[in-house]
Each structure stands twice: as structure tokens, then as C-alpha cells.
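Presented below is the structure to which this report refers.
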Amino acid sequence: GGDDWRPGYPEAEPFVARLREAVAGLELEPLPAEVGVGPRTPAIHFGTILTGDSFINAEDHRQRLHDEFAAKAVEMEGGAVAQVARRWGDDIPFVNVRCLSDLAGRSSHLDFRAFLPIAARYASQVAHRLAPAI
């Protein structure tokens, strides 16, 4: 409790270090033009992902969550999975891997159907690197 309390689960430093090492040097293909977002090379980030019960589509709200919680992303499922893993014991590792297509509140010109096969390739490449480290 107290004013400095933050919801969430502590990061298991040795576990995260193994995951970082597993994806070090992994270069994902740039998004092709047909996806509709212009030239963009994907990047792998580690950090806080917030889970909530609302879809965030306002840039000022996204920025506040980033500023207050250092949130890399906001989604609606991962917190429940983390809670189940934690209930099974502190030694159960949990990692939430997300493929983000755009930022909340920004107008997106992304063609979601064109993005799906690319997102699947990204997920496969990342999962193949992470699995042995888990």
C-alpha cells in the first residue's frame, strides 16, 4: 500500500536477462509497402505492458499511461494470464509478447489484413528464439 504502490508483478531479472539474450541480434524484416504505414523497421522492446478493460484510442490517455507507469503497451488479456501464472507459484515464469501495429490515438493507415501474415512471421521468429530461454 501507500502512495508509491504500483499494481503489477515484479520483473524476474535473471529470466528477463535470458530473454533479452535470446532475441539479441534478431532482425525482423521491414514492413512492406502493402501494409500501408510507410517504411518502418520493427523493433523488440522489453518493459511494462498494462492490462485494462478499455480499448485505448486517445493519444493523451496513452501518453499519461506511458508517463505514469512507463508503459510500453496497453492490452486487455495479459494481466489475467500473469495472475494465473502467479497463483501457481512465484517460480512460474510468465512473459507477455505483443506485436504492435500502431499507437493509440494516431490515425492508422495500416491494412490489418495485409499486416496479419507479417505479424505471424514476426511472432514465429521471436517465439523460436524465446522458447529455449524459457
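In this structure, does I118 turn out to be assigned to a helix (DSSP H, G or I) and not hydroxyl-bearing (S, T, Y)?
It is true that I118 is assigned to a helix (DSSP H, G or I) and not hydroxyl-bearing (S, T, Y).
When both residues are 6+ apart or on different chains and their Cβ atoms are under 8 Å apart, which pairs have a first residue that lies in segment 90-107 and is of a type in the set (K, R), and a second that is surrounded by 14 or more Cβ atoms within 10 Å (Cβ to Cβ) and modelled with pLDDT of 80 or more?
R98/I49; R98/A73; R98/E75; R98/G78
Within segment 4-37, can you find the residues that are of a type in the set (D, E, K, R) and either over 16 Å from the mean Cα position of the chain (by Cα) or farther than 25 Å from V74 by Cβ (or both)?
D4, R6, E13, R18, E21, E27, E29, E34
I'd like the full set of residues that are within 20 Å of L100 (Cα to Cα), part of a loop (DSSP other than H, G, I, E, B) and in contact with a Ser or Thr (Cβ under 9 Å, 6 or more places away or on another chain), limited to segment 1-45.
The answer is E27, L28, E29, P30, L31, G36, V37.
Restricting the search to segment 15-71, which residues are under 28 Å from A114 (Cβ atoms) and acidic (D, E)?
Across segment 15-71, the qualifying residues are E27, E29, E34, E59.
If A73 meets every condition in (1) assigned to a loop (DSSP other than H, G, I, E, B); (2) touching a His at 6+ places or on another chain (Cβ under 9 Å) apart from one, which number is that one?
(1)
Given the conditions (1) small (G, A, S); (2) within 17 Å of the chain's Cα centre (by Cα); (3) under 17 Å from F15 (Cβ atoms), report the number of the one that A85 does not fulfil.
Every listed condition holds for A85 apart from (2).
Hey, could you check segment 78-128 for residues that are modelled with pLDDT under 90, under 23 Å from R20 (Cα atoms) and among the basic types (K, R) and say which is surrounded by the fewest Cβ atoms within 10 Å (Cβ to Cβ)?
Here the answer is R86.
Return the total of residues in segment 38-64 being within 9 Å of the chain's Cα centre (by Cα) and among the small types (G, A, S).
1
Kindly list the number of the only condition in (1) among the polar types (S, T, N, Q); (2) surrounded by fewer than 16 Cβ atoms within 10 Å (Cβ to Cβ); (3) touching a residue at least 24 places away in the same chain (Cβ under 8 Å) that fails for T51.
Just one mismatch for T51, condition (2).
Given the conditions (1) under 17 Å from the mean Cα position of the chain (by Cα); (2) part of a loop (DSSP other than H, G, I, E, B), report the number of the one that D67 does not fulfil.
(2)
The values are calculated or read from the model by the stated rules, or taken from the named source; none is laboratory data. None of these values were measured; they are calculated from a predicted model. Note: ideal-geometry Cβ built from the backbone for every residue, glycine included; neighbour counts use all protein chains shown.
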